[in-house]
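Just below is one structure, and these are the notes that go with it.
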Amino acid sequence: MSDQSPMTPFEHAFHESGERHERIWIFIVLILLAIFTIGSMFYVVFDYSLVTKSAGNFPTVQKALSESTLPEGKAVQTGPNAYTVYIVGRMWRWAPGPIHVKAGVPITFRVTSADVLHGFEVQGTDINLTAVPGQIGHVTHTFKHPGVYHIICNEYCGLMHHAMVTPIIVEGETAQ
Ligand code: CUA
């Protein structure tokens, strides 16, 4: 025998307000989700422009690529003690192939993409920028220790994304 007594006026009011609070909180959560979703989209756009804003904008991919031809696998000497390496990311490799540079010398990497976004990251260093089609980003780094460093891709770019690895061979003495 269950005792199904009807709700008192107080209980009735309590349940009503409970549902109203639930609706309000569901609404607040939806608003927060919308803010986070739209906000993260803005962040992505803003972040990409930060990566490349000082690097110069090129109207077409072709223009960017023609600025970046180089003897394959070599660094181009651009000053008494400065080298530039031009790198093009494309599905799914970093061109040119293995790169040879010297330890203890500032190396500037100028990086673009021939197709989609790629993430230019050199393991064991703080080099990390986005390779954007039509734009050339740059980063300068001095390798203190000789050895083999690997350029990887940290931006998902399709089937063989994980295989986008190119070695940088750093030669010479460990810098003081
Ligand atoms: Cu290129 Cu992932």
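The values are calculated or read from the model by the stated rules, or taken from the named source; none is laboratory data. Predicted, not measured: the structure shown is a model, and the values here were computed from it. When we count neighbours, we look across all protein chains shown, and the Cβ atoms used for this are built from the backbone with ideal geometry, even at glycine.
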Practice problem: Evaluate the following for Gly89: is it touching a residue at least 40 places away in the same chain (Cβ under 8 Å), more than 22 Å from Gly172 (Cβ to Cβ) and assigned to a strand (DSSP E or B)? | Solution: yes
Quiz item: What single numbered condition from (1) without any contact (Cβ under 8 Å) to a residue 60 or more places away in the chain; (2) near the ligand (Cβ under 9 Å from one of its atoms) fails to hold for Thr125?
Solution: (2)
Quiz item: How about segment 1-46: which of its residues are under 34 Å from the mean Cα position of the chain (by Cα) and modelled with pLDDT under 90?
Solution: Gly39, Ser40, Met41, Phe42, Tyr43, Val44, Val45, Phe46
Quiz prompt | Unmet requirement for His145, which otherwise passes all of (1) over 15 Å from Val85 (Cα atoms); (2) out of contact with any Ser or Thr (no Cβ under 6 Å at 6 or more places or on another chain); (3) away from the ligand (no atom under 16 Å from the Cβ) | solution = (2)
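Quick one: which residue in Ala163, Ala131 is over 17 Å from Lys102 (Cβ atoms), within 15 Å of the ligand (Cβ to nearest atom), surrounded by fewer than 13 Cβ atoms within 10 Å (Cβ to Cβ) and at pLDDT below 95? I'd like the intermediate steps shown before the answer.
Working: Ala131 fails: surrounded by fewer than 13 Cβ atoms within 10 Å (Cβ to Cβ).
Result: Ala163 is the single residue among Ala163, Ala131 that is over 17 Å from Lys102 (Cβ atoms), within 15 Å of the ligand (Cβ to nearest atom), surrounded by fewer than 13 Cβ atoms within 10 Å (Cβ to Cβ) and at pLDDT below 95.
Which residue out of Gly172, Gly119, Gly89, Gly97 is out of contact with any Lys or Arg (no Cβ under 9 Å at 6 or more places or on another chain) and surrounded by fewer than 16 Cβ atoms within 10 Å (Cβ to Cβ)? Talk me through it step by step, then tell me what you get.
Values: Gly172 fails: out of contact with any Lys or Arg (no Cβ under 9 Å at 6 or more places or on another chain); Gly119 fails: surrounded by fewer than 16 Cβ atoms within 10 Å (Cβ to Cβ); Gly89 fails: surrounded by fewer than 16 Cβ atoms within 10 Å (Cβ to Cβ).
Only one candidate passes the filter, namely Gly97.
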Quiz prompt | Conditions (1) outside any helix (DSSP H, G or I); (2) within 12 Å of the ligand (Cβ to nearest atom); number of the one not met by Glu173 | solution = (2)
